[in-house]
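Just below is one structure, and these are the notes that go with it.
The values are calculated or read from the model by the stated rules, or taken from the named source; none is laboratory data. All values derive from a computational prediction rather than experimental measurement. Counting neighbours? That spans all protein chains shown, and the Cβs are built from the backbone with ideal geometry, glycine included.
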Amino acid sequence: MRLITALTTATLAAATVLGTGSAAHAEQTSITDKRADVLRTTVSEDSEGDYERLSAAASKKSGIDAKGVRFKHGKKTVTITAKFSRLKSGSTIYVEFYKPGRRSASFMLYGWDGSRRADVLDRDFDRACTAKLRTRNGRNGSITVTVKRSCLDDEPKLRMAAGAYRTVMRSEESIDIYADMLSSKKILTPERSRLLKAS
């Protein structure tokens, strides 16, 4: 018993020493998305844009059913990674950035599948900068965006929220839009992360 306790203590001590010798880790948090909550809206001349919540099977087939999202606030960059059960082409990630005490987003990010850059917009919807975008389609697919903190006013603390979309052209006059707001509880509103401090 003493040997096990000693080994555990030594392991923790070694990990602490190694940890202090390396660079500071980014403060991060994750949100597990409510499953089978994909919404579909059909946009056409005859449609009013009403949405319907898809079944579990239809949500999975939609190609945008998210499993969760991870937010990282590092020393120089902010990274958001959304993961999906199966990600199909035509996807878009949407991220909101909130400064402390603000009810509305100070910055918004839009990243389209097939592009290597995402657009970051300020509150006036002017482009503030671009961010790195990486998309991996298929089973257990993911979308990752990396934004420089300087683009976000070098804000020392931020809250973030994310959503994902996918558009499918049905005809020249009809488009289906699939959406998943990344939240553990709600289906219409993305869940805000806790306040993350830059490392």
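If you check S106, S59 for being small (G, A, S) and touching a helix residue (DSSP H, G or I) at 6+ places or on another chain (Cβ under 9 Å), only one passes: S106.
Restricting the search to strands (runs of 3 or more DSSP E) fully inside segment 72-123 and requiring at least 1 residues that are closer than 23 Å to D154 by Cβ and aromatic (F, W, Y) gives 91-98, 107-112. Consider E155 carefully, then state whether it is of a type in the set (D, E) and closer than 28 Å to K34 by Cα. Considered against the rule, which asks whether it is of a type in the set (D, E) and closer than 28 Å to K34 by Cα, E155 comes out as no.
Residues in segment 135-158: is at least one closer than 23 Å to G49 by Cα and part of a strand (DSSP E or B)? Steps first, answer last, please.
So the first thing to find is which residues in segment 135-158 are closer than 23 Å to G49 by Cα, and the list is none.
Checked against the condition, which is being closer than 23 Å to G49 by Cα and part of a strand (DSSP E or B), segment 135-158 yields no hits at all.
Considering segment 52-71, the residues that are of a type outside the set (A, V, I, L, M, F, W, C) and not in a loop (DSSP other than H, G, I, E, B) include one that is nearest to L152 (Cα to Cα), namely R70.
Give me the residue from segment 27-53 that is of a type in the set (V, I, T) and either at pLDDT 90 or above or surrounded by fewer than 16 Cβ atoms within 10 Å (Cβ to Cβ) (or both) and, out of that set, nearest to the chain's Cα centre (by Cα). So that I can check it myself, show each step before the final result.
Taking segment 27-53 first, the residues of a type in the set (V, I, T) are 29, 31-32, 38, 41-43.
Subsequent filtering for residues that are either at pLDDT 90 or above or surrounded by fewer than 16 Cβ atoms within 10 Å (Cβ to Cβ) (or both) retains 29, 31-32, 38, 41, 43.
Working: T29: 11, I31: 9, T32: 11, V38: 15, T41: 21, V43: 25 Å.
Among those residues, the one meeting the criterion is I31.
Filtered by the rule that a residue be small (G, A, S), more than 13 Å from the chain's Cα centre (by Cα) and buried (at least 19 other Cβ atoms within 10 Å of the Cβ), segment 182-199 gives a lone residue, A198.
Do we have S171 as over 17 Å from S85 (Cα atoms) and at pLDDT below 95 here?
Yes.
Considered as a group, the residues in segment 108-129 that are in contact (Cβ under 8 Å) with a residue 12 or more places away in the chain and touching an Asp or Glu at 6+ places or on another chain (Cβ under 6 Å) include one that is farthest from R86 (Cα to Cα), and that residue is A128.
Hey, does segment 158-175 have a residue that's farther than 30 Å from S47 by Cβ, surrounded by 17 or more Cβ atoms within 10 Å (Cβ to Cβ) and in contact with a helix residue (DSSP H, G or I) (Cβ under 9 Å, 6 or more places away or on another chain)? Quick ask: steps written out before the conclusion?
Our first condition is that a residue be farther than 30 Å from S47 by Cβ; within segment 158-175, this holds for 158-160.
Restricting the remaining residues to those that are surrounded by 17 or more Cβ atoms within 10 Å (Cβ to Cβ) gives 158-160.
Narrowing the set further to residues that are in contact with a helix residue (DSSP H, G or I) (Cβ under 9 Å, 6 or more places away or on another chain) leaves 158.
Yes; the residues of segment 158-175 include at least one that is farther than 30 Å from S47 by Cβ, surrounded by 17 or more Cβ atoms within 10 Å (Cβ to Cβ) and in contact with a helix residue (DSSP H, G or I) (Cβ under 9 Å, 6 or more places away or on another chain).
The requirement of being closer than 17 Å to T32 by Cβ and either in contact with a strand residue (DSSP E or B) (Cβ under 7 Å, 6 or more places away or on another chain) or among the acidic types (D, E) (or both) is satisfied by S184. The number of residues in segment 54-70 that are among the hydrophobic types (A, V, I, L, M, F, W, C) and surrounded by fewer than 22 Cβ atoms within 10 Å (Cβ to Cβ) comes to 4. Restricting attention to segment 159-199, which residues are outside any strand (DSSP E or B) and under 13 Å from F97 (Cα atoms)? Matches in segment 159-199: P190, E191, R192, S193, R194, L195.
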